[in-house]
Amino acid sequence: MDLAFLLFQKVLVMLAFLIIGCVCYKIKFITDEGNKSVTNLVMYIFTPAMILVSFQQEFSMKLLKGLGVTMALSCVGYLLIIIVTYLLIRKKGFSGKVNPDCEIHRFAAIYSNCGFMGIPLASELFGPEGVFYI
């Protein structure tokens, strides 16, 4: 099966879960406390557990080299996105007005929360090795 189609399927499943969660919240099936509890479970229990499980692999030079390449590409990617955000998100807009939230916008653009969706997607598509690299 084509990887792009598989990724599309997984994102659709996550979208369905999101819609179900929103509907459950709107009809008060899930309360604010319940929402906070589920978020805490995902953020502090399930995600760290997935990461720990991904590291439970036999050592190999292939994994170590792959991790090194991943780290190098991440550094290059962050450097590029920092440069791009400083070029596109300016303290003074095109109209000449000062943007008081400039630094917040830059930070949000540079440091996205890709782990919340990225780790489950990597797990589904590539298994523990995908989570190891992400």
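The values are calculated or read from the model by the stated rules, or taken from the named source; none is laboratory data. Since we're looking at a predicted model, the values are computed, not measured. Positions of Cβ are backbone-derived with ideal geometry, glycine not excepted, and every protein chain shown enters the neighbour counts. Side chains are part of the model used for accessible areas, which takes the heavy atoms of the whole protein and leaves out ligands, DNA and RNA. Shrake-Rupley method; radii C 1.70, N 1.55, O 1.52, S 1.80 Å.
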With a Förster radius of 30 Å, plug the Cβ-Cβ distance of Ser74 and Leu3 into 1/(1 + (r/R0)^6) and report the FRET value to the nearest 0.05. 0.90
Put +1 on the Cβ of every Lys and Arg and -1 on every Asp and Glu Cβ in the stretch 40-134; which of Cys102, Met71, Val42 then has its Cα farthest towards the positive end of the dipole? Cys102
Suppose R0 equals 35 Å. What FRET efficiency, 1/(1 + (r/R0)^6) with r the Cβ-Cβ distance, do Ile110 and Leu12 give to the nearest 0.05? 0.80
Regression test value, accessible area per residue of the chain, probe 1.4 Å, units Å², expected 79 Å²
Square roots of 5 times each gyration tensor eigenvalue, C-alpha, the chain, largest first, Å: 30, 27, 15
Heads up, the stretch 1-42 by the C-alpha gyration tensor (a ≥ b ≥ c square roots of eigenvalues; a/c under 1.5 rounded, else a/b over b/c prolate, else oblate) looks oblate
Once you have a ≥ b ≥ c as the square roots of the Cα gyration tensor eigenvalues for the stretch 40-111, tell me rounded if a/c is under 1.5, and otherwise prolate or oblate according to whether a/b is larger than b/c. oblate
So if I place +1 on the C-beta of Lys and Arg and -1 on the C-beta of Asp and Glu, and nothing else carries charge, what would the dipole magnitude of the stretch 90-134 be about its Cα centre? I want it in debye, nearest 20. 540 debye
For the chain, give the percent of accessible area contributed by carbon and sulfur heavy atoms, probe 1.4 Å, rounded to a whole number. 73 percent
Pull out the extension gain between Ile83 and Ile51, defined as 0.36 nm times the separation in residues minus the alpha carbon to alpha carbon distance; nm, one decimal. 8.5 nm
Spin-label model distance (nm) - Tyr25 vs Asn40, 7 Å beyond Cα toward Cβ: 1.7 nm
